[in-house]
4 protein chains.
Amino acid sequence: MDTATLLCSCEDRSGIVAALTHFVAEYGGNIIDLDQHTDRREKKFFMRLAWDLGPSALSREDIPGAMALVAKKFTDMKWRLSFASPRQRVAIMASTAPHCLADLLLRHQMGELPCEIVLVIANHGDLSDLCRHFRVPFQRVPVTREGRAEAEAEAIGLLRDARIDLVVLARYMQVLGPGFTDGWRGGIINIHHSFLPAFVGAKPYHQALERGVKIIGATAHYVTAELDQGPIIAQDAIPVSHRDEVEDLIRKGRDIERRVLAAAVRLHLEHRVIISGNRTIVF
Amino acid sequence: MDTATLLCSCEDRSGIVAALTHFVAEYGGNIIDLDQHTDRREKKFFMRLAWDLGPSALSREDIPGAMALVAKKFTDMKWRLSFASPRQRVAIMASTAPHCLADLLLRHQMGELPCEIVLVIANHGDLSDLCRHFRVPFQRVPVTREGRAEAEAEAIGLLRDARIDLVVLARYMQVLGPGFTDGWRGGIINIHHSFLPAFVGAKPYHQALERGVKIIGATAHYVTAELDQGPIIAQDAIPVSHRDEVEDLIRKGRDIERRVLAAAVRLHLEHRVIISGNRTIVF
Amino acid sequence: MDTATLLCSCEDRSGIVAALTHFVAEYGGNIIDLDQHTDRREKKFFMRLAWDLGPSALSREDIPGAMALVAKKFTDMKWRLSFASPRQRVAIMASTAPHCLADLLLRHQMGELPCEIVLVIANHGDLSDLCRHFRVPFQRVPVTREGRAEAEAEAIGLLRDARIDLVVLARYMQVLGPGFTDGWRGGIINIHHSFLPAFVGAKPYHQALERGVKIIGATAHYVTAELDQGPIIAQDAIPVSHRDEVEDLIRKGRDIERRVLAAAVRLHLEHRVIISGNRTIVF
Amino acid sequence: MDTATLLCSCEDRSGIVAALTHFVAEYGGNIIDLDQHTDRREKKFFMRLAWDLGPSALSREDIPGAMALVAKKFTDMKWRLSFASPRQRVAIMASTAPHCLADLLLRHQMGELPCEIVLVIANHGDLSDLCRHFRVPFQRVPVTREGRAEAEAEAIGLLRDARIDLVVLARYMQVLGPGFTDGWRGGIINIHHSFLPAFVGAKPYHQALERGVKIIGATAHYVTAELDQGPIIAQDAIPVSHRDEVEDLIRKGRDIERRVLAAAVRLHLEHRVIISGNRTIVF
């Protein structure tokens, strides 16, 4: 049985939940999950609604049209409808560090990530072996100082050809241009090896050591044109001490990076994240 | 403006959310929070629905009757309707340890707990000063080995006279009889200074030291006739090490006890907990 | 039996531990705790050494002189010797928020903080009742825009008269001038309601909400002339979500603030912190 | 430059640290890490001492003999001396679940685990591919109901032939007999997918769901003849909720299992764990 998931947001007013849940019930669906949030400060309404398409339900093809009619009543409503199948097509971009990539591939193999991992793109060749083991196509797209634009265009072409829904930057150490970020708005997830907003930019662990902090963290966020400033999806932190030298911070950081990235990717794939301005609602 | 909160559960079927949210919309309410859960294994539906009673809304007096009509359609539905005002009446029972009591009184003073703390009952006199400072009536009810039944009857009488909705056992070191626990089913919260189900019973920190555990925890649960076996509301854990002697474990335990107890009390007061069998749904 | 604690640091070289532990053994002491750290990057040695003064031990009066002789062998050694009694004299400075002050007073009452709390200074009168309950002298020193310097001088006078060893800023919402911070170098602890270095300055919870972070934290640090830049003693973090409005962040923040502040104060009182540049070694 | 690490324990008395650090200094070593613990309740002394063998130091061959002379002064002293090279030889035993094995192999590849992973033994063939990718010999030793003793004998033979120092049970779902556990006392680490002592035995996640707990954990411990009762090395916990079905608990459990197991293995390989009775001192 297929499952439909609706993510929607609009100005808060009376009757939205009733209208949407009535819509599902009327067309033979059975709600399996509903999560709703009202931002009182900004007077905005957010909802995630998931339902099973029963045997007598409206066909998949007809649901979007019917939904559009309902949404019309709430003039400013933004909505997105997804189905459990076919699964989303995911590409992972990486450089040389294997930990995040290996973690995602292993989780996928164990059935934790509801998607197809269609492609891995890397600017170095180190990770091709790992991809071969997990039977995922690996494509090297080297990036040189002068050839940055060409490399980005090549990567965009590969992603387009593979009809990629979600791009995961698994410690891909290159800044993406606006041509890239605009092409997958709300569809590129990066892992930043620090709490944002602290320690923006490179070498955060060296910065952390210098400042003598007692916890370090990691942040998974959507990528926007502005570096490290996109909406945060997930964050976590772990204690560190004076005993941790830079290599220990990096090692501990790897642990938390892969955990936070995997959590964010999973939330996205389950259609649990709504972007609102520069923040996220995570159901 | 008053707020109504509905907690309900029933066998899962199609149309429940639509019926209940339609009910709210029809009578002029505006939903401010809806949280729903379907237990697929047990095929049970749970929901928490909170709405503002608008100016044109059905009057408070008429809502229960109208709700009863809706609930009838779902024959096995259990529901409980609460209003933000008047606030719930809470009694705290304690013995000699001040940390949980002081924490609850301070949080109440700072506006974190939406309730009236009407009464403190203790089997010792140590905490009367603390209650005087926070201007809460303190009642000593000594418990002797032979006089246990009388003491319990006296406490029950005091709680009844004060029309208490919720009894919080803040390190009250006495076991309650079935006469007590039956009188406030789902209305007595205890803090157990351990992870349940590990280290049931007395001296859990000594047990923890003996076993050489590396984390300790605390559990807040509803009290049932069976000691330490009631539905768990909240739990948390913190790391410990070989350096922690029993007194350190006790000190660290105090921190986590008061935090977990306060969290559980707050969840209960906000009508976020549904008891289902021996487990809880915490919205 | 009295306990001596030595904190020392110097350039790393061979034989330091042997010399210092030999010193203790020779004079009849029994080591109860030794913690040592070598910063390989900076080639610095740090140690905390605690020992019981046995009956046949060198007298308290003679230990500093003997220790000075040992330290001489290691020309750049910085050391500080403390005894368990008499206990350190602590003043707490606060404004209107009671949570950190109440927490410290309660912990002191329960025996968690090895010190005398001699004095509370506040720029408002709200907390005098709380101090009376815990039987701690309360002194109001109002701060006006023009009278800032006089107020600070008055506070310094009170602290000097009371021979205060440690000043704890328990949500004292005033910036201290260099006359103050120089007078108690390494002897003023502040709680900052945020992870440093993120969200420096005022209204960190509003900043956190605006940025949409998924964790918030608190930082206890020594106060230096530069605002919020002093050496960090303790930090911790807790998860938050889109459901948390500013008042929820503030409430959750209070929990973590008092926990982190109490931890830092305790570490300081147990002579577990060595300041090294702008960082701390916490044994 | 080679590093020596001494782990020792004995009855507490005066002069032990001085004697041991003097020993190191005398023979030209430079202490890089010293951690000491006194269990006042049991009057026992524990220490970990690590030092660099300088150019003029006593040769590796002569250190044990010299050390034995020192230890003689403290009649009940138990000690173990290790050198950084050659690295310890590790075997991993697994069944079908890849997450712990893959995690250990990946960490080893990234240089986080100071050892040689010499051999993987599994009772099923599923993980042979993974081992091939990481270039670690894989040996299948099937276990049947009747052939348990033979299988165990075969595994012991393989481990002996490979001169294995440490056996890691990475979700190896077979109970080991006393012949096995006696052969590697303090040299077999298991990951138990639960907090011990709660939920001993099989299907702990089903037990956890049934009891409605709000946190789940994992425990890494040394294996002794008594199932799941050996000394605990590391534990950790994560929050769960009513939304987590058994498969979610298992998924979350996998995360914490591999993290806790890797931490315990690393602590063991760095000679940071002393077993004392049924508890551990973890430096």
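Observations on the model:
- Qualifying position, being within 17 Å of D:Ala263 (Cβ to Cβ) and at pLDDT below 95, among D:Leu101, D:Leu106, D:Leu196, D:Leu166: D:Leu196
- For region B:18-28, the set of residues classified as within 7 Å of chain A (Cβ to nearest Cβ) and hydroxyl-bearing (Ser, Thr, Tyr) consists of B:Thr21 only.
- Cβ-Cβ under 7 Å pairs, at least 6 apart or on other chains, region D:1-23 side part of a helix (DSSP H, G or I), far side open to solvent by 10 Å² or more (accessible area, probe 1.4 Å) and of a type in the set (Val, Ile, Thr): D:Val17/C:Ile31; D:Ala19/D:Val70; D:Leu20/D:Val70; D:Thr21/D:Ile31; D:Phe23/D:Val70
- 2 or more residues under 18 Å from the mean Cα position of the chain (by Cα) and under 30 Å from A:Ile215 (Cβ atoms): qualifying strands (runs of 3 or more DSSP E) within region A:86-204: A:88-94, A:166-169, A:188-192
- Residues in region D:113-138 that are under 16 Å from D:Leu158 (Cα atoms) and free of Cβ contacts under 8 Å to residues at least 12 places away in the same chain: 0 in all.
- Put simply, of B:Ala57, B:Ala91, B:Ala84, B:Ala102 the only residue that is out of contact with any His (no Cβ under 6 Å at 6 or more places or on another chain) and either of a type in the set (D, E, K, R) or surrounded by fewer than 19 Cβ atoms within 10 Å (Cβ to Cβ) (or both) is B:Ala84.
- Candidate set: region B:195-213, residues that are more than 9 Å from chain D (Cβ to nearest Cβ) and at positive phi; chosen: the one least open to solvent (accessible area, probe 1.4 Å): B:Gly201
- Scanning region B:31-65 for residues that are at pLDDT 85 or above, in contact with a Gly (Cβ under 9 Å, 6 or more places away or on another chain) and farther than 16 Å from B:Leu7 by Cβ yields B:Glu42, B:Asp52, B:Leu53.
- Answer from C:Leu119, C:Leu159, C:Leu127 - the residue that is assigned by TED's automatic domain parsing to the domain that holds C:Arg266, within 23 Å of C:Leu269 (Cα to Cα) and open to solvent by less than 10 Å² (accessible area, probe 1.4 Å): C:Leu159
- D:Arg251 more than 14 Å from every other protein chain (Cβ to nearest Cβ), surrounded by fewer than 22 Cβ atoms within 10 Å (Cβ to Cβ) and free of Cβ contacts under 8 Å to residues at least 24 places away in the same chain: no
- Any hit, region A:214-235, residues being surrounded by fewer than 19 Cβ atoms within 10 Å (Cβ to Cβ), closer than 30 Å to C:Phe45 by Cβ and either of a type outside the set (Ser, Thr, Tyr) or modelled with pLDDT of 95 or more (or both): no
- Residues in region B:225-248 that are aliphatic (A, V, I, L, M), more than 9 Å from chain D (Cβ to nearest Cβ) and out of contact with any strand residue (DSSP E or B) (no Cβ under 9 Å at 6 or more places or on another chain): B:Ala225, B:Leu227.
- Scan region B:29-54 for residues that are at the interface with chain A (Cβ under 8 Å from one of its Cβ atoms), open to solvent by 10 Å² or more (accessible area, probe 1.4 Å) and closer than 27 Å to B:Ser85 by Cβ and the total you get is 6.
The values are calculated or read from the model by the stated rules, or taken from the named source; none is laboratory data. These numbers were taken from a predicted model, which means no experiment stands behind them. With ideal geometry, Cβ positions are generated from the backbone for all residues, glycine too; neighbour counts draw on all protein chains shown. Only protein heavy atoms, including side chains, enter the accessible area calculation; ligands, DNA and RNA are left aside. Shrake-Rupley method; radii C 1.70, N 1.55, O 1.52, S 1.80 Å.
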